[in-house]
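Working notes for the structure below.
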Amino acid sequence: MALRSDVKFVYCPKCKELRVKPWYSQRAWCSRCREGGREIPVPRTMYTYVLYGLMLATFALVYMYTESDSMIFLLGSVVGLIGAFVIQAFEISRGERIARAKIKTTKSDVPKFRKKGWL
């Protein structure tokens, strides 16, 4: 199994929805209408790897807390978890901006996109 180099989003032209493609999904399909969608790759940044490091550090700190019962490890893991949530939200919003820029809009799509706040 090869590591994927990009984060993928799925755009459904029927629902006009843009969602993150689950890592376990083999094909691009809309989770709302179950129709086929368009896969849009977005390159990873260094923050993605920082996020991976924070997740590993958080698990390590929880393990160290269970072994030593020192409260500082538990507090460190909570701080790491909150930091991971912040970085993940930043990365998802950045990826959505890039994926939305790659979607070609037609005149019939403009009212739906305005309703969603995309335009």
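The values are calculated or read from the model by the stated rules, or taken from the named source; none is laboratory data. As the structure is a computational prediction, the values presented were derived from the model and not from experiment. All Cβ positions, glycine included, derive from the backbone under ideal geometry; neighbour counts span all protein chains shown. Only protein heavy atoms, including side chains, enter the accessible area calculation; ligands, DNA and RNA are left aside. Shrake-Rupley method; radii C 1.70, N 1.55, O 1.52, S 1.80 Å.
Structure above, values below:
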quantity	calculated
Dipole magnitude (debye, nearest 20) for the chain, charges at Cβ of Lys, Arg, Asp, Glu	1260 debye
Rounded percent of accessible protein surface that carbon and sulfur make up, the chain, 1.4 Å probe	64 percent
Cα lying deepest toward the dipole's positive end in the chain, options VAL86, VAL20, ILE72, charges on Cβ	VAL20
1.4 Å probe accessible area per residue over the chain, in Å²	72 Å²
Per-residue HN-Hα couplings for segment 85-91 [Karplus 6.51, -1.76, 1.60; θ = phi - 60°; Hz; x = Gly/Pro]	4, 5, 5, 5, 5, 5, 5
Heavy-atom accessible area ranking, 1.4 Å probe, most first, across TYR11, TYR49, TYR65	TYR49, TYR65, TYR11
LYS115/GLU17 FRET efficiency (R0 22 Å; Cβ-Cβ; nearest 0.05)	0.95
Relative contact order of the chain, defined on C-alpha pairs under 8 angstrom at six or more residues apart (%)	23 percent
From the C-alpha gyration tensor of segment 1-109, square roots of 5λ in Å	36, 14, 12
